[in-house]
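Just below is one structure, and these are the notes that go with it.
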Amino acid sequence: FPLALQVKNKAPAEVQITAEQLLREAKERELELLPPPPQQKITDVEELNDYKLRKRKTFEDNIRKNRTVISNWIKYAQWEESLKEIQRARSIYERALDVDYRNVTLWLKYAEMEMKNRQVNHARNIWDRAITTLPRVNQFWYKYTYMEEMLGNVAGSRQVFERWMEWQPEEQAWHSYINFELRYKEVDRARSIYERYILFTELVLVHPDVKNWIKYARFEEKHSYFAHARKVYERAVEFFGEEHMDEHLYVAFAKFEENQKEFERVRVIYKYALDRIPKQDAQNLFKNYTIFEKKFGDRRGIEDIIVSKRRFQYEEEVKANPHNYDAWFDYLRLVESDADAEAVREVYERAIANVPPIQEKRHWKRYIYLWINYALYEELEAKASTDHTGDAERTRQVYQACLELLPHKKFTFAKMWLLYAQFEIRQKNLPLARRALGTSIGKCPKNKLFKGYIELELQLREFDRCRKLYEKFLEFAPENCTSWIKFAELETILGDIDRARAIYELAIGQPRLDMPEVLWKSYIDFEIEQEEYEKTRNLYRRLLQRTQHVKVWISFAQFELSAAREERLPRCRQIYEEANKAMRSCEEKEERVMLLESWRSFEDEFGTDATKERIDKLMPEKIKKRRKLQAEDGSDAGWEEYYDYIFPEDTANQPNLKLLAMAKLWKKQQQQESEAAAMDPDKDIDESQA
């Protein structure tokens with residue numbers, strides 16, 4: 001190998017040339033363009049033969065260089081064809097087929113050459129070889145059948161189609177065969193082809209297309225074979241079943257029946273499909289059903305469509321979230337308005353099956369109303385039989401199932417027990433109602449259950465049972481003042497005053513009460529009604545030992561005033577005196593002011609001038625004060641103005657009152673002096689000069 005030359009001077013050239021400049025110079029000089037070959041005019045046979053020889057040698061050289069380039073073979077054959085050398089062209093095509101018989105273009109060019117030159121038998125031979133060698137190339141079959149049909153050889157074309165159908169080609173091939181038969185008015189043959197194609201789809205295809213059945217049915221309808229068309233639709237519905245339902249099939253079937261004026265059939269088809277096709281796949285079905293009802297239906301039919309659509313929407317909602325009880329309520333309201341009893345029961349059963357996953361009462365508050373509505377529906381709406389005994393039994397089963405489901409050890413719903421008891425009362429089954437309420441009190445006692453049970457026994461005038469229930473109630477909740485009061489009122493109504501008084505005494509003796517003021521007031525009102533004034537006074541005294549509230553004192557004074565006796569005014573005034581002394585140490589000055597105002601109104605109505613003057617002297621003086629405010633973080637938050645009361649009786653506040661009076665007097669003098677100076681300005685000038 002020769003040694004590589006070493007470049008000694010590696011410095012850049014003085015004049016730099018870019019690649020762009022090189023390309024531009026090459027374009028300007030047109031170095032790559034070759035001059036066109038000169039035109040050759042052939043004048044005799046020898047020159048023609050010489051030209052043919054040279055041209056064939058060129059083609060043969062190209063083929064010899066690369067035999068697999070089919071375009072060289074096709075150009076060679078087409079050149080020979082242009083010279084009308086058909087035999088030589090056939091030879092070239094045959095040689096090319098020996099090289100690559102799978103080339104579709106080669107077969108097509110070969111057959112086209114024979115057809116151009118009206119060599120029909122040769123063309124048939126080529127097409128036969130092509131479809132035998134490559135039967136899955138549809139283009140060969142289409143060209144072959146078209147050639148036979150153009151030649152008027154209908155039987156030959158049909159024979160080719162039959163050979164093609166044996167290979168079970170794609171859908172378009174079958175339709176081409178059918179259209180071929182229809183062009184020659186062979187309806188029976190076309191029907192038999194449809195039958196073979198449908199049979200093929202049933203046996204071979206896993207998920208056949210609906211449009212083929214629809215085309216078959218429309219073919220029968222177009223040729224007025226309506227019974228056959230209906231049968232095709234029915235076979236399609238049966239073939240696809242409920243697993244692969246398609247809305248397009250049912251829309252086409254319904255439109256066919258609509259054209260035949262079979263409106264009831266149309267309605268049945270739409271309803272059947274809407275009940276089984278998923279909602280998201282039935283939008284077109286809904287649309288066509290609505291249009292049909294608007295055209296041929298009545299108001300009831302249109303309402304049915306709207307109800308069906310809303311039902312599908314609710315189904316989607318409850319399927320997405322089964323614990324969405326509001327959606328269940330809306331769904332149940334819909335089906336109750338327009339459905340039979342069994343359908344409504346089925347929806348109720350599905351709804352109540354979605355039990356809240358957490359045993360907390362707040363999660364059950366909406367759910368429990370599903371049971372309540374279910375029971376009320378069974379009792380009031382459903383008509384199971386003429387004597388309604390079936391309804392009552394179903395309602396009882398609903399209530400019992402609900403009460404068994406509730407976790408009573410953690411929580412319960414008193415309304416459910418009470419509704420069940422009221423239902424049994426309506427059925428004139430008192431023992432079952434009492435048993436239910438007794439069970440509820442034993443399992444999960446609640447105030448509402450006791451009250452409902454007592455109210456029931458009161459309506460039945462079972463007072464002994466009421467007494468026992470009140471006793472159990474008060475053992476369960478001794479702090480409930482309302483229960484004590486109701487118990488005492490019951491005894492009062494029954495005329496047992498001593499028993500009522502004893503109940504009140506037990507009540508006020510309880511260590512813990514939720515509303516003691518209401519209980520004491522009820523006890524006092526009870527004694528007043530019995531005109532036991534001494535006992536009432538004793539009650540007030542006992543109450544004042546527990547609380548010194550201003551309202552108790554005022555109520556005591558008004559009681560003494562209302563007592564129809566001669567000494568009522570002195571007694572009332574004495575109570576006010578005692579209250580005023582007792583409340584001197586009270587921190588809430590507003591309550592003391594309230595007492596004095598009540599006393600003054602009493603004196604204004606019943607008192608003398610001396611007593612009125614005395615109460616006026618006791619009234620406090622209202623003054624405005626300021627106090628410093630602090631924020632939550634301890635920082636200064638400014639000042640706040642508020643009103644305070646200064647009572648004359650409070651000796652501790654007397655020095656402050658004197659200081660306040662002197663300050664007011666000084667301020668008044670300052671105002672008078674400033675007014676005098678404003679009236680006589682000359683006097684100020686003289687005084688300044690002096």
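The values are calculated or read from the model by the stated rules, or taken from the named source; none is laboratory data. In this text, all values refer to a predicted model and were calculated from it rather than measured experimentally. Note that each Cβ is placed from the backbone with ideal geometry, even for glycine, and that neighbours are counted across all protein chains shown. Areas reflect the complete protein model, heavy atoms only, side chains present, ligands, DNA and RNA absent. Shrake-Rupley method; radii C 1.70, N 1.55, O 1.52, S 1.80 Å.
General remarks:
- Of the residues making up the stretch 131-154, those that are open to solvent by 40 Å² or more (accessible area, probe 1.4 Å), part of a helix (DSSP H, G or I) and closer than 18 Å to residue 182 by Cα are 142, 146, 150.
- The stretch 56-86 - residue that is polar (S, T, N, Q) and under 28 Å from residue 138 (Cα atoms) and, of those, modelled with the lowest pLDDT: 68
- Test: residue 350 is open to solvent by 10 Å² or more (accessible area, probe 1.4 Å), under 19 Å from residue 405 (Cβ atoms) and basic (Lys, Arg): yes
- Listed by position, the helices (runs of 4 or more DSSP H) inside the stretch 522-632 whose residues that are closer than 28 Å to residue 510 by Cβ number at least 1 are 533-546, 550-562, 568-582, 589-606.
- For the stretch 498-520, a residue qualifies if it is basic (Lys, Arg) and in contact with a helix residue (DSSP H, G or I) (Cβ under 8 Å, 6 or more places away or on another chain), and the qualifying residues are 499, 501.
- Restricting 248, 244 to those that are outside any helix (DSSP H, G or I) and open to solvent by 60 Å² or more (accessible area, probe 1.4 Å) reduces the list to 244.
- Residue pairs whose Cβ atoms lie under 9 Å apart, sitting 6 or more positions apart in sequence or on different chains, and linking a residue in the stretch 35-56 that is free of Cβ contacts under 8 Å to residues at least 40 places away in the same chain to a partner that is in a loop (DSSP other than H, G, I, E, B) and of a type in the set (S, T, N, Q), are 47/40; 51/40.
- Selection of first residues in the stretch 207-233 that are under 16 Å from residue 196 (Cα atoms) and open to solvent by 10 Å² or more (accessible area, probe 1.4 Å) and of second residues that are assigned to a helix (DSSP H, G or I) and modelled with pLDDT of 85 or more, restricted to Cβ pairs under 6 Å at least 6 apart or on distinct chains, gives the following pairs, ordered by first then second residue: 214/252.
- Any hit, the stretch 504-515, residues being assigned to a helix (DSSP H, G or I) and of a type in the set (Lys, Arg): no
- Candidate set from the stretch 487-520 (those that are in contact (Cβ under 8 Å) with a residue 24 or more places away in the chain and of a type in the set (Lys, Arg)); member that is most open to solvent (accessible area, probe 1.4 Å): 512
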